[in-house]
């Protein structure tokens with residue numbers, strides 16, 4: 001779901017490059033987010049210009065509303081003329097937001113799969129072979145399957161289980177059915193349940209046959225957030241950090257080495273952790289909320305300064321004011337700390353970017369730039385000008401058709417020869433209109 005073709009792999013390679021330079025995922029994420037924000041600067045500048053254009057013709061738009069308020073068609077026609085003259089695209093402000101959301105959903109895939117995008121399991125810096133992908137998938141399945149079996153062992157170690165209990169627990173149906181653990185329903189993701197079951201039994205029989213702490217750790221909600229059960233690759237880092245990474249030798253000994261080598265932290269904070277109301281990690285979503293709230297207030301302040309005539313009152317505007325901060329809190333709280341950190345940094349960089357852009361691109365400077373661009377745009381037709389011409393053409397054809405229908409009753413009174421002559425005349429007029437429309441020569 002979170003793997004957007006082309007975009008997620010490209011962002012993964014960019015993150016990998018940042019990690020190679022800083023050798024810490026948290027620091028790499030800071031630089032990665034900064035690079036992403038710098039990439040979107042041209043779109044932000046375009047949005048700034050578009051907002052200035054919108055502000056410039058608001059008084060004119062209000063006059064049109066007062067003048068043609070009851071005539072919707074005429075109002076739409078005049079409004080499109082105004083858009084064309086001012087070179088404004090009302091949807092232009094949506095582009096930066098769309099780009100931000102696409103990048104957000106793409107980066108989720110990168111944060112959820114650090115082992116896939118940052119590690120060197122295949123021994124190469126920038127490569128993800130099909131065999132490597134299979135090894136990672138098999139390791140993810142091992143985590144999920146081990147938790148399912150641990151839940152069925154009812155607190156006993158492997159050595160304490162009777163042969164009958166082992167036979168009952170270690171069967172493929174156990175993995176296929178999965179189970180509800182700490183309120184979360186999980187299922188095996190293995191494509192080969194028989195092999196997966198053999199791997200899990202090896203984990204318990206060869207590595208932790210008498211270790212009660214191992215099974216307790218896997219099922220302890222205080223140590224492992226139940227939401228991590230659905231993010232096995234992040235859970236792999238948690239398992240390795242607590243000294244149980246040896247279990248992945250069942251799949252490939254390189255896995256545990258890479259889990260130890262990859263520094264998936266931010267100043268000591270594990271990025272695989274999930275925020276909760278009682279944990280210190282709650283500071284991440286709170287910071288995200290505060291930065292976004294400050295950003296919203298600052299943006300509105302500049303908007304009032306640049307466009308004093310714009311209305312900013314009412315319940316609707318007050319609601320919009322808090323939508324993004326609340327959404328930011330939700331994103332940072334619902335996903336691992338790594339993604340929450342990215343979203344918090346995005347809000348912080350956006351705040352700095354807004355202040356810098358508004359001080360560089362003042363209303364006076366933007367107006368001068370708009371005037372310069374308008375001269376160039378007059379030479380070629382804009383989108384709204386083409387749309388207006390199309391609308392006028394359709395209206396002309398509609399009026400012609402209407403006139404033709406009105407003449408039908410009169411034509412019924414004509415003789416057969418007169419009707420034929422009228423039809424010929426109408427056909428000639430239609431050909432003439434088509435020739436004029438497409439710039440062709442017309443001959444009688």
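The table that follows gives values for the structure above.
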read-out	value
Subset of region 1-30 (residues that are assigned to a loop (DSSP other than H, G, I, E, B) and in contact (Cβ under 8 Å) with a residue 12 or more places away in the chain)	2, 3, 4, 23, 24
Residue check, residue 301 surrounded by fewer than 17 Cβ atoms within 10 Å (Cβ to Cβ), over 24 Å from residue 333 (Cβ atoms) and within 29 Å of the chain's Cα centre (by Cα)	yes
Filtered residue count, region 31-59, keeping only those that are surrounded by fewer than 17 Cβ atoms within 10 Å (Cβ to Cβ), closer than 17 Å to residue 343 by Cβ and touching a residue at least 24 places away in the same chain (Cβ under 8 Å)	1
Subset of region 275-304 (residues that are touching a residue at least 60 places away in the same chain (Cβ under 8 Å) and more than 19 Å from residue 326 (Cβ to Cβ))	303
Count - residues of region 224-236 that are over 16 Å from residue 179 (Cα atoms) and in a helix (DSSP H, G or I)	4
Lone unmet requirement of (1) under 28 Å from residue 332 (Cα atoms); (2) free of Cβ contacts under 8 Å to residues at least 60 places away in the same chain for residue 144	(2)
Test set (1) assigned by TED's automatic domain parsing to the domain that holds residue 205; (2) at positive phi - residue 267 fails condition number	(1)
Subset of region 113-132 [modelled with pLDDT of 80 or more and assigned to a helix (DSSP H, G or I)]	114, 115, 116, 117, 118
Condition met for residue 104 (modelled with pLDDT of 80 or more and under 26 Å from residue 328 (Cα atoms))	no
Residue check, residue 222 surrounded by fewer than 17 Cβ atoms within 10 Å (Cβ to Cβ), over 25 Å from residue 274 (Cα atoms) and either without any contact (Cβ under 8 Å) to a residue 40 or more places away in the chain or within 28 Å of the chain's Cα centre (by Cα) (or both)	no
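Matching residues to (1) in a loop (DSSP other than H, G, I, E, B); (2) touching a helix residue (DSSP H, G or I) at 6+ places or on another chain (Cβ under 8 Å):
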{"position": "218", "(1), (2)": "no, yes"}
{"position": "222", "(1), (2)": "yes, no"}
{"position": "238", "(1), (2)": "no, yes"}
{"position": "255", "(1), (2)": "no, yes"}
{"position": "276", "(1), (2)": "yes, yes"}
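The values are calculated or read from the model by the stated rules, or taken from the named source; none is laboratory data. Keep in mind it's a predicted model, so treat the numbers as computed, not measured. Cβ atoms come from the backbone with ideal geometry, glycine included; neighbour counts cover every protein chain shown.
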